[in-house]
Amino acid sequence: MSHSWVKLKPREHSRKVLFIESGELKKVNITFTSHFDIDTSKNQVKLFNGTNKFVQIHKDALLGQVLLESELGTALKKLNFLVASKDLGKIERQTLNTEVAQWKKLRDQLCKEINIEPLIKSVSSKVPVEYSDSLKTVLSRFSWFYARTNEDAGMSNHYVAELIIKGDNSPHFSVPYKTNPDLISEVDNKLKEMQKHLIIEKTCSAWNHPILFIRKASGALRPVNNYSSGKNDSLNSRLLIPRFPCYPIRTILGNISAGISKLRRNFPDSPIVFLSIDIKNAFFSLSIREGHRDLTSFIYSDKQFRYVRMSQGLSSSPGVFNYFINLVLSDLPGQDEKYCLFNYFDDFFIVTTEKHHNFAAETLLQRLTEHNLIISLEKCAFYERSTKFLGYILSPSGVSPDPKKVQALLELDYPKTLKEAQQCLGLLNFYTRNIKNLSVNLSALSKEIGKGKEFKINDTIRKGIDAIKSEISKGTTTKHLEYPDIILMSVFL
């Protein structure tokens, strides 16, 4: 390229072309592009400015990594879905720093207005009396990071999320959903609070995906954006999805058993206890890159908004968040020695001993708050001898399904439709895998489901379901295995 800089207008493709001298760009660092146009035959990369601002790119800027597959005649794009703040361009980094400063100012205000000390005292009083004061001391250290409101959310100052679209960047518009007139006042207040907490902001965009509001068990409203509206043209159908691994629940439960076994061997005189930490509005803890926010736009009433933070409805959000948490939790002091840490997205669970409980709690809280994550203290639990995690009841002796779910299985009606049959099969398979003759008793149901819409309940299916319920009523607790000195399992089942 003959010039030292390429200047791109907003939404403009470059007139210049970067040549890849070695056949690949060395590092992922996309600070301005929405996507690359790749010509593998000429080893060329065409640039596209996906932001709303003028952008200048130096000829030596590191843009991304392109791997050429000669056998397939195609090019693979290995791109970042999570960008470190230090790798952002100057303008985007200034935007992030400004927003983090606004977030901190809001938190200071909330902390002055809402006293969290009574909650800290209440949580500390629920643990064994000999540990109450020491736990209170630990929890008090992080009082600034405990949630004060329903819309409270953290804001990472180290990473931002990136939305990468396959194909062209043409905008999608879906007609907004109608809002229940009885909810208008609540919805207005909800959106105002989300604006106040820097979760959404007003915009004027060619993009729109509809939003609806549902009532949570707590009574609060939950906004749900349908980014799949529009089928093949929807945002979700065009987003590249990170394939960061997530352990199946049964693998996590197996690793918990291995952790308990290890701690028992290493600290035989100290009882096993559990602690769990809950992140408030976890996905909202990651900002979306400024140039990609318009993709999330939605219309409500006479206003249009876009998300500043990562929305739950985006198909890429779970993988991006899981990768983020993996980075946050890497290399924790004492992990797998004094405690064993497990997480399933935003649910954090620690197996430790009474002796090391406060060390484990302080270590995890310290790391989470270093990344500006907000803790929902009322949902946290400490010094637990038995606790619920991922729909199961865990104790030092074994794992059993939640009694409420067991009761629901016992009261389960015989399926009448194909959909009910599929739901029944899934529930029984998930919670009763260790039941005697499970596969035999479910074989008739599975076979009938295979007929599709012609599904009909029969006596053999009823008999099989009754046999399983009979076994469930006898108890479904699985004891922890006593593992030898081995590394915690990391296989996928």
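The values are calculated or read from the model by the stated rules, or taken from the named source; none is laboratory data. Because the structure is predicted, anything quoted here is derived from the model rather than measured. Ideal geometry is used to build each Cβ from the backbone, glycine not excepted, and the neighbour counts take in all protein chains shown. Note: areas computed on protein heavy atoms with side chains; ligands, DNA, RNA excluded. Shrake-Rupley method; radii C 1.70, N 1.55, O 1.52, S 1.80 Å.
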* Output the residue which, of all residues in segment 423-443 that are open to solvent by less than 80 Å² (accessible area, probe 1.4 Å) and assigned to a loop (DSSP other than H, G, I, E, B), is modelled with the highest pLDDT. => I435
* May I ask you to list the residues in segment 399-422 that are outside any loop (DSSP other than H, G, I, E, B), surrounded by fewer than 16 Cβ atoms within 10 Å (Cβ to Cβ) and not charged (D, E, K, R)? => P403, Q407, A408, L410, Q422
* **Selection from segment 204-229 of residues that are buried (at least 18 other Cβ atoms within 10 Å of the Cβ), part of a loop (DSSP other than H, G, I, E, B), touching a helix residue (DSSP H, G or I) at 6+ places or on another chain (Cβ under 8 Å) and not hydrophobic (A, V, I, L, M, F, W, C)** => S205, H209, Y227
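Could you grab me the full set of residues in segment 87-135 that are polar (S, T, N, Q) and open to solvent by 40 Å² or more (accessible area, probe 1.4 Å)? Give the steps one after another, and end with the answer.
Going through segment 87-135, the residues polar (S, T, N, Q) turn out to be 94-95, 97-98, 102, 109, 115, 122, 124-125, 132, 134.
Once the filter is applied, which keeps residues that are polar (S, T, N, Q) and open to solvent by 40 Å² or more (accessible area, probe 1.4 Å), segment 87-135 yields Q94, N97, T98, Q102, Q109, N115, S122, S125, S134.
Among residues belonging to segment 235-253 that are among the aliphatic types (A, V, I, L, M) and assigned to a helix (DSSP H, G or I), point out the one that is most open to solvent (accessible area, probe 1.4 Å).
Keep residues of segment 235-253 that are among the aliphatic types (A, V, I, L, M), which gives 235, 239-241, 249, 252-253.
From the residues that got through so far, the ones that are assigned to a helix (DSSP H, G or I) too are 235, 249, 252-253.
Values: L235: 1, I249: 34, I252: 5, L253: 18 Å².
Among those that are among the aliphatic types (A, V, I, L, M) and assigned to a helix (DSSP H, G or I), it is I249.
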* Identify the single condition in (1) of a type in the set (K, R); (2) more than 29 Å from M310 (Cβ to Cβ); (3) touching a residue at least 40 places away in the same chain (Cβ under 8 Å) that K379 does not satisfy, given that it satisfies every other one. => (2)
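For every residue, the table says whether it meets (1) within 27 Å of T296 (Cα to Cα); (2) in a loop (DSSP other than H, G, I, E, B).
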residue	(1), (2)
Q109	no, no
I120	no, no
D133	no, no
V138	no, no
M155	yes, yes
T179	yes, yes
V187	yes, no
K192	yes, no
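Please determine, by comparing only the residues of segment 136-188 that are under 23 Å from N115 (Cα atoms) and open to solvent by 50 Å² or more (accessible area, probe 1.4 Å), which one is modelled with the lowest pLDDT. Steps first, answer last, please.
Start the filter on segment 136-188 by keeping residues that are under 23 Å from N115 (Cα atoms), which leaves 136-155.
Going one step further and asking which of them are open to solvent by 50 Å² or more (accessible area, probe 1.4 Å), we end up with 136-137, 141, 144, 150.
Details: K136: 97, T137: 97, R141: 97, W144: 97, N150: 90.
The qualifying residue modelled with the lowest pLDDT is N150.
Which residues, taken from segment 446-455, are open to solvent by less than 50 Å² (accessible area, probe 1.4 Å) and within 35 Å of the chain's Cα centre (by Cα)?
Start the filter on segment 446-455 by keeping residues that are open to solvent by less than 50 Å² (accessible area, probe 1.4 Å), which leaves 448-449, 452, 455.
Matches in segment 446-455: I449, G452.
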* Asked: Does segment 319-333 include one or more residues that are assigned to a loop (DSSP other than H, G, I, E, B), open to solvent by less than 20 Å² (accessible area, probe 1.4 Å) and out of contact with any helix residue (DSSP H, G or I) (no Cβ under 7 Å at 6 or more places or on another chain)?
  -> no
* Members of segment 254-304 that are surrounded by 22 or more Cβ atoms within 10 Å (Cβ to Cβ), among the small types (G, A, S) and not in a helix (DSSP H, G or I) -> S287, S297
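Which count do you get for residues in segment 383-438 that are within 30 Å of S132 (Cβ to Cβ) and more than 24 Å from the chain's Cα centre (by Cα)?
12
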* To do: Kindly list, by first and then second residue, each pair from a residue in segment 101-114 that is without any contact (Cβ under 8 Å) to a residue 24 or more places away in the chain to a residue that is of a type in the set (A, V, I, L, M, F, W, C) and exposed (fewer than 14 other Cβ atoms within 10 Å of the Cβ), limited to pairs with Cβ atoms under 9 Å and residues at least 6 apart or on different chains.
  => D108/W144
* Within segment 456-478, can you find the residues that are touching a residue at least 40 places away in the same chain (Cβ under 8 Å) and open to solvent by 20 Å² or more (accessible area, probe 1.4 Å)? -> I457, R462, K469, S473, G475, T476, T477, T478
